[in-house]
Amino acid sequence: MPAPTRLRADACPGVFATHAAADGTLARIRLPGGALSSAQAFVLAEAAEELGDGSVHLTSRANLQLRAVRDADELVRRLSEAGLLPAPSHERVRNILSSPLSGRHGGLTDVRPLVTALDHALCSVPELAGLPGRFLFALDDGRGDVAGEGADVCWQALPGGEGALLLDGADTGVRVSAREAVPVLVELAEVFARVRGSAWRVHEVDPGPLVDAALRRGRRVPPAALPRTGPVPVGRLADGVVVAAPRFGELPAGALRPLGDLVVTPWRTLVLSRPPDGLVTDPAEPGLGVSACIGRPGCAKSRADVRADARAVLSALTLPSPGVRAHLSGCERRCGKPRGAHLDVVATGEGYLVDGTPVSTARLAEEMEGRQ
């Protein structure tokens, strides 16, 4: 499969390489496995208030963003001291998803030690600093929650201590032990870096060299239909675990400080050890599945203030959970859209397209409810 010809360079933002948004400088902080300590959360809250727009924004890759950053150098200093930038040369490639409840509630294998080992191993290979910022690793503890999130390379735990190797979410049939999970993922990233040309993602290259490399550390069986569970549901779970959702993935700095150690999930929710104030923890809340990009005025490409329109939709919804699952986008780029089934709501400048059908802004809530 020939690598595509890119018309523009990969410009995924980080902290050292920020993005110039309409509302100012945007910095993205990678959190391998979504883990954030209480001390790091406090530093981020202070930075959001003193250097940014006052909020911490969750992403669909379990990372965090600060918007309207006024002093990027000061932000680098603070995050470095907090241990959030351990490898400046590899900062934008530390993209590692993991099962957010692993080691806390359910799952076959606690993948948290594997996340730490993968992060360290990834950052120890100089050549991997050149991976595209979109290249994504995943470690699934067997329940199948992050295995379906579009990772380029993923190890999914299976009963008996082995795991399945997935490329672009599909089982390759290669089985690798937990002990070999990190080495094989790093080796696959190295192979991809050598063969990728201008490709950004695994699905754009011939998978053969990657599978061959994996087989040097594992064994082959027929590919199987592996478990898939989807997003971790909001609510109170056993073992004292709480999953909470900030509306539209935007968490005011004041709400972040008291949360303690936490895990950010790929579904813009938080895994906590105690009930939070001001965040959604009721799985029956109408409109819990409605998300939106930043829209105007934060994005110059957006044709509408989609979050204001989304709030209006939420106030008009009458359906109970699961209710409406939709993503509102300010333009065709559809930034932040979820991977699962949802209504595709895109601003046109004169209203919205709801799964391709033109709808006025005034009738948006009615149209979205009618499609459930």
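The values are calculated or read from the model by the stated rules, or taken from the named source; none is laboratory data. In this text the structure is predicted, and so the values were computed from the model without any measurement. Cβ placement follows ideal geometry from the backbone for every residue including glycine, while neighbour counts extend to all protein chains displayed. Note: areas computed on protein heavy atoms with side chains; ligands, DNA, RNA excluded. Shrake-Rupley method; radii C 1.70, N 1.55, O 1.52, S 1.80 Å.
Things worth noting here:
- Distant-in-sequence amide contacts of S177, defined by a placed amide H-H separation under 5 Å and a gap of 5 or more residues or a different chain, comprise G163.
- Dipole magnitude of the chain about its Cα centre (Cβ charges: Lys, Arg +1; Asp, Glu -1), debye to nearest 20: 420
- Span from the segment 45-117 Cα centroid across to the segment 182-213 one, whole angstrom: 25
- For segment 129-241, the fraction of 1.4 Å probe accessible surface lying on carbon and sulfur atoms is 53 percent.
- With only Cα atoms counted, segment 1-137 has Rg and Dmax values of 15.7, 48 Å.
- In this view, the solvent-accessible surface of H105, computed with a 1.4 Å probe and all protein chains in place, comes to about 50 Å².
- Among beta bridges that DSSP assigns inside segment 29-181, antiparallel share in %, nearest 5: 65
- Cβ-based charge dipole, the chain, positive-most Cα from G349, A253, G197: G197
- Length-normalised contact order for segment 100-183 - Cα pairs under 8 Å, 6+ apart - percent: 23
- At a probe radius of 1.4 angstrom, the accessible area of the chain per residue rounds to 42 square angstrom.
- As a fraction of the 1.4 Å probe accessible area of segment 1-127, surface on carbon and sulfur atoms comes out at 54 percent.
- In order along segment 298-303, phi translates into HN-Hα couplings of x, 10, 5, 7, 6, 9 Hz, rounded to whole numbers, per the Karplus curve 6.51 cos²θ - 1.76 cosθ + 1.60 with θ = phi - 60° and x for Gly and Pro.
- Length-normalised contact order of the chain in % [C-alpha pairs under 8 Å, at least 6 apart]: 16
- Legend: residues H203, H90, H342, sorted from most to least accessible area (1.4 Å probe; ligands, DNA and RNA excluded), read H203, H342, H90.
- Summed residue charge, Cβ within 14 Å of E127's Cβ, Lys/Arg positive, Asp/Glu negative: 0
- For the chain, the longest site-free run once GluC sites (Glu not before Pro) in DSSP loop states with at most 12 other Cβ atoms within 10 Å are removed: 1-331
- Qualifying trypsin sites (Lys or Arg not before Pro) in segment 207-247, DSSP loop, other Cβ atoms within 10 Å at most 11: R216
- For segment 47-63, Karplus couplings with θ = phi - 60° (6.51, -1.76, 1.60), whole Hz, Gly/Pro x: 5, 4, 6, 8, 10, x, 8, x, 10, 10, 10, 7, 10, 7, 10, 6, 10
- Cleavage-rule hits, trypsin sites (Lys or Arg not before Pro), segment 39-138, DSSP coil, Cβ neighbours within 10 Å at most 12: R70
- Over the chain: helical MRE at 222 nm, DSSP H runs n ≥ 4 each giving -39500 (n - 2.57), nearest 500: -6500 deg cm²/dmol
- For the residues D152, D53, a 1.4 Å probe over the protein chains yields an accessible-area ranking, largest first, of D53, D152.
- Principal-axis analysis of the Cα atoms of the chain puts helix 112-123 at an angle of about 80° to the longest axis.
- Computed from Cα atoms, the angle from the helix 306-316 axis to the main principal axis of the chain rounds to 70 degrees.
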